Amino acid sequence: MSYTMTISPDFKPDLISGWYIFNTWLQKQSDIAIHLNLVNDFSELAQCIDKDSIDLIYANPCDIAKLIREKSFEALVKPVGVHDETVVITHADNPIDTIESLKPSLRVAMTDVPDVNTMGTIMLEPADINSCDIEAIICSNYITVAKKVVAGEADIGFLLADAYNEFSSLVKKQVKPLITSKIDVLHHALLLGPNLQDKKSLLQKCLIMMADDTKGMALLNSMEIEKWEIMEQDEAEFLIDLIDTLSPS
Amino acid sequence: MQDMKIEDLASDNYEEIQLTFFDAKQRNILYTEIETEFPEGSLIVSRTDLNGIITHVNKSFVTMSGFTEEELIGQPQYILRHPFMPHEAFSDLWETVQKKEKWYGYVKNLRKDGGFYWVYATVIPNIRNNKIISYTSVRRKPSAKKIAECIERYPTLF
Ligand SMILES: Cc1cc2nc3c(=O)[nH]c(=O)nc-3n(C[C@H](O)[C@H](O)[C@H](O)COP(=O)(O)O)c2cc1C
């Protein structure tokens, strides 16, 4: 029997090949047949989750909640030292320098990445701006978000901090960050679906040992992950509770 | 819980008042009018047991409170109780979370040095197998306008 792995669509496109090699590596180490099925966006991912067609997933913090609470997934491992932070940018020439100076009726360029959008929206609260005061301009990726801001089609943009940091200096010169989150607690994790749960300790063992050999290490590097660390179910539950406190009620 | 100490205060200009908490314990509070700004982009997170005793805090919680982590763990969450806050706000908090619902509110918190900081707080019960096992609170930066409203409203609310 073959199982299906997928990756949250918010990972960087240049890491795709790394994930394919990772999949091959994991199959060899665990002797489990796994097919890597990439999705294009979060709505396609949601459909796959609803159809129960995923067995292994590198999930975004917001999807972790649904997968564990509604789909009986279990936490497997998390990347060490990788956090999901959000940046709110505006045009470099915008005289506004602080969130508090923003006014309602904002045009906000954003992707469909839920935790980045949640954090971005929360960071507008000190200016008394909430989700009904903004017009969302949905973009297919972070560079398009920056382009909309540069072109003046959006007043501000929400970006994953990692994505902003990797922009070329040319792009960075044309935008400026108004605020960057420092929350340290949101991160992705590898989760296991109900059909694979009898293989949990085997997979955990393979993943933890990955950083111990040179080939595994090189592979982790290509995925921009330092190493994997066991994620207890309990920790996942508290991560979900935390996201719950941030989601609009 | 220890009373506050004059040598910990950030200013000589302070007021003194005695607070009685829900568990009948009392604390002598020394407080100043010095406000500390909410750390930009951060969330202040803590977890308590069923009795409101602090079990986990994040770095922003520690920094903003003025205490060390060791001084906080094991203490009641009311170590942050500021005399400006109406007691009823907290009865509402406890009633809400014990009903397994989410509570939101603007809270003025007390620092170890007698100063204060405002937060927009969310408190939720951590439910496992249908039972509440603990509570989590996440505080974020409130808007200046909302705080101004609270400063006006809270003293007349109850
Ligand atoms: C998770 C959690 C977080 C809380 N955070 C605060 C806080 O930040 N500041 C505060 O004054 N009370 C907080 N409380 C409420 C206190 O437990 C307490 O009710 C309050 O300080 C008033 O004290 P009293 O109920 O003894 O009058 C929190 C309670 C819970 C369950």
Calculated P(r) tail over 38 Å for the protein assembly as shown, as whole % of Cα pairs: 29 percent
Roughly how tilted is helix A:16-30, in degrees to the nearest 10 and between 0 and 90, from the longest Cα axis of chain A? 20 degrees
Shielding of A:237-244 by partners, i.e. mean partner chain Cβ atoms within 10 Å per residue? 5
As a test of the definition: with a 1.4 Å probe, what buried accessible area, both sides summed, do you compute for A against B, in Å² to the nearest 100? 2000 Å²
Run through the range B:6-77 and list the trypsin sites (Lys or Arg not before Pro) located in a DSSP loop whose Cβ has at most 13 other Cβ atoms within 10 Å. B:Lys25
Hey, any idea what the orientation-averaged projected area of the convex hull of the range A:1-158's Cα atoms comes to, in nm²? 10.9 nm²
How well do other chains shield peptide B:43-54, expressed as the mean number of their Cβ atoms within 10 Å of each residue Cβ? 2
Across all directions of projection, what mean area in square nanometres is found for the Cα convex hull of the range B:35-157? 7.4 nm²
Calculate how steeply helix B:87-98 sits against the longest principal axis of the alpha-carbon atoms of chain B, using the helix alpha-carbon long axis, and give the answer as 0 to 90 degrees to the nearest 10. 20 degrees
Violations at 25 Å Cα threshold for listed pairs A:Lys182/B:Lys5; A:Lys51/A:Lys182; A:Lys103/B:Lys145; A:Lys71/A:Lys200; A:Lys78/A:Lys172; A:Lys66/B:Lys108 -> A:Lys182/B:Lys5; A:Lys51/A:Lys182; A:Lys78/A:Lys172; A:Lys66/B:Lys108
Net +/- balance of residues flanking A:Ala163 in space, Cβ distance below 11 Å, scoring K and R +1, D and E -1: -4
Of the residues B:Tyr78, A:Tyr164, A:Pro194, the Cα lying farthest along the dipole of the protein assembly as shown towards its positive end, which is defined by charges on the beta carbon of Lys, Arg, Asp and Glu, belongs to A:Pro194
Count the net charge of all other residues whose Cβ sits under 15 Å from the Cβ of A:Pro104, scoring Lys and Arg as +1 and Asp and Glu as -1. -2
Among A:Ala151, A:Ala65, A:Ala161, the residue with the largest mean-square fluctuation in a Gaussian network model of chain A built from Cα contacts under 10 Å is A:Ala151
When the accessible area of the protein assembly as shown is computed with all protein chains present and a 1.4 Å probe, what percentage of it is carbon and sulfur? 51 percent
May I ask you to find the residues of the range A:141-182 that are shielded by at least 40 Å² of accessible area once the whole protein assembly is considered instead of their isolated chain (probe 1.4 Å)? A:Ile179, A:Lys182
With an 8 Å cut-off on Cα pairs and a minimum separation of 6 or more residues, tell me the relative contact order of the range A:86-180 in percent. 49 percent
For a quick check of your reading of the filter: which trypsin sites (Lys or Arg not before Pro) in the range A:17-99 sit in a DSSP loop and have no more than 12 other Cβ atoms within 10 Å? A:Lys51
Of the GluC sites (Glu not before Pro) in the range B:91-158, which ones lie in a loop per DSSP and count no more than 14 other C-beta atoms within 10 Å? B:Glu101
For the range B:35-157, with every protein chain kept in place, what is the accessible area per residue (1.4 Å probe, Å²)? 44 Å²
List the relative contact order of the range B:35-157 as a percent without decimals, with contacts defined as Cα pairs under 8 Å and 6+ residues apart. 29 percent
Could you check the simple spin-label distance between B:Lys59 and A:Val185, using points 7 Å along Cα→Cβ, in nm with one decimal? 1.4 nm
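The values are calculated or read from the model by the stated rules, or taken from the named source; none is laboratory data. The shown structure was predicted, so the numbers you read here are calculated from the model rather than taken from an experiment. Every residue, glycine among them, receives a Cβ derived from its backbone with ideal geometry; neighbour counts consider all protein chains shown. To get the accessible areas, we keep the full protein, side chains included, count just its heavy atoms, and leave off ligands, DNA and RNA. Shrake-Rupley method; radii C 1.70, N 1.55, O 1.52, S 1.80 Å.
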